[in-house]
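One structure is given here, and the rest of the page talks about it.
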Amino acid sequence: MKILALLGSTRPNGNSQYLTERVLEGTDHTVVSLSDKQINSIIDERHNEAGFSPVDDDYEELLHLLLTHDTLIFATPLYWYGMSGPMKNFFDRWSQYLRDKNLNLKEELTKKKAYVVVTGGSSAKVKGLPLIQQFNYIFEFVNMEFVDYIIGSGVKPGEVKEDLIALEKAEQWRRNFDSLQR
């Protein structure tokens, strides 16, 4: 099992990253901070006869990583009741590559397992649920298995360390990943 974690936060060492690192501790994994990559916004050319124009950014590198891992963790803070900008750009670009017949992206995504980590303020466990539903709809659209999610409470860096329920769930995931990699 090869694990790829995509961090959507624009803040290094934030709560989303902390929870994700707790999940991955001791496992064989790859972590990419989306804010460290250049991911241009999509220019919607789905209905142009020529299709999408090539884009000069880091997206194809990320796509290669996505395709070479079978377990995907999408981690994002709850920003204005949605995913972060870098994470949204990442998903928006699927519209371009789902049409690339050389990749068979939609078919490849059916082979992946998705996990989601969301962190936000004290009300995130309720107000973050629509974001979890959004992830669910995205994964349903590409027939990717949505295994589980964690919503952690924490605004300032490190506050999520006080959310014992989120930490326990992170530990359960870690034990599961560790046993599957043995």
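The values are calculated or read from the model by the stated rules, or taken from the named source; none is laboratory data. This one's a predicted model, so the numbers in the text were calculated from it and none came from an experiment. Backbone-built Cβ (ideal geometry, glycine too); neighbour counts: all protein chains shown. Areas reflect the complete protein model, heavy atoms only, side chains present, ligands, DNA and RNA absent. Shrake-Rupley method; radii C 1.70, N 1.55, O 1.52, S 1.80 Å.
Scan the range 9-23 residue by residue and report those that are in a helix (DSSP H, G or I), under 14 Å from the mean Cα position of the chain (by Cα) and surrounded by 20 or more Cβ atoms within 10 Å (Cβ to Cβ).
Ser16, Gln17, Leu19, Thr20, Val23, listed by residue number.
Look through the range 60-106, keep the residues that are of a type in the set (S, T, N, Q) and in a loop (DSSP other than H, G, I, E, B), and return whichever of them is least open to solvent (accessible area, probe 1.4 Å). Before you say what the answer is, go through the steps one by one.
Taking the range 60-106 as the starting set, the residues that turn out to be of a type in the set (S, T, N, Q) are 68, 71, 76, 84, 89, 95-96, 102, 104.
Now drop any that are not in a loop (DSSP other than H, G, I, E, B), which leaves 68, 84, 102, 104.
Details: Thr68: 52, Ser84: 0, Asn102: 144, Asn104: 81 Å².
By that ranking, first place goes to Ser84.
List pairs: first in the range 118-139 and part of a strand (DSSP E or B), second open to solvent by 70 Å² or more (accessible area, probe 1.4 Å), Cβ under 9 Å, 6+ apart or cross-chain?
Close Cβ pairs (under 9 Å, with a partner that is open to solvent by 70 Å² or more (accessible area, probe 1.4 Å)) amount to Val118/Tyr149; Thr119/Val155; Thr119/Glu159; Gly120/Tyr79; Gly120/Tyr81; Gly120/Lys127; Gly120/Val155.
Give Lys106, Lys161, Lys169 a once-over and let me know the one that is touching a residue at least 60 places away in the same chain (Cβ under 8 Å), basic (Lys, Arg) and out of contact with any Ser or Thr (no Cβ under 7 Å at 6 or more places or on another chain). Please lay out each step first, then the result.
Values: Lys106 fails: touching a residue at least 60 places away in the same chain (Cβ under 8 Å); Lys169 fails: touching a residue at least 60 places away in the same chain (Cβ under 8 Å).
Unique residue meeting the criteria: Lys161.
Being hydrophobic (A, V, I, L, M, F, W, C) and touching a strand residue (DSSP E or B) at 6+ places or on another chain (Cβ under 7 Å) is the filter here, so list the residues in the range 91-128 that pass it.
Within the range 91-128, Ala114, Val116, Val117, Val118, Ala124 qualify.
Of all residues in the range 140-159 being touching an Asp or Glu at 6+ places or on another chain (Cβ under 7 Å) and not hydroxyl-bearing (Ser, Thr, Tyr), which is nearest to Arg99 (Cα to Cα)?
Taking the range 140-159 and keeping what is touching an Asp or Glu at 6+ places or on another chain (Cβ under 7 Å), we get 152-154.
Add one more test, that the residue is not hydroxyl-bearing (Ser, Thr, Tyr), and what stays is 152, 154.
Working: Gly152: 35, Gly154: 38 Å.
The selected residue is Gly152.
Select from the range 136-168 the residues that are open to solvent by 60 Å² or more (accessible area, probe 1.4 Å) and farther than 26 Å from Phe90 by Cα and list them in ascending order.
Once the filter is applied, which keeps residues that are open to solvent by 60 Å² or more (accessible area, probe 1.4 Å) and farther than 26 Å from Phe90 by Cα, the range 136-168 yields Glu159, Lys161, Glu162, Leu164, Ile165, Glu168.
Please work out which residue is farthest from Phe91 (Cα to Cα), limiting yourself to the range 28-47 and to residues that are open to solvent by 80 Å² or more (accessible area, probe 1.4 Å) and part of a loop (DSSP other than H, G, I, E, B). Break it down into steps so the answer makes sense when it comes.
Pass one, the range 28-47, residues open to solvent by 80 Å² or more (accessible area, probe 1.4 Å): 28, 36, 38, 43-44, 46-47.
Subset that is part of a loop (DSSP other than H, G, I, E, B): 28, 38, 43-44, 46-47.
On the way: Asp28: 25, Gln38: 14, Ile43: 13, Asp44: 13, Arg46: 15, His47: 19 Å.
This residue is Asp28.
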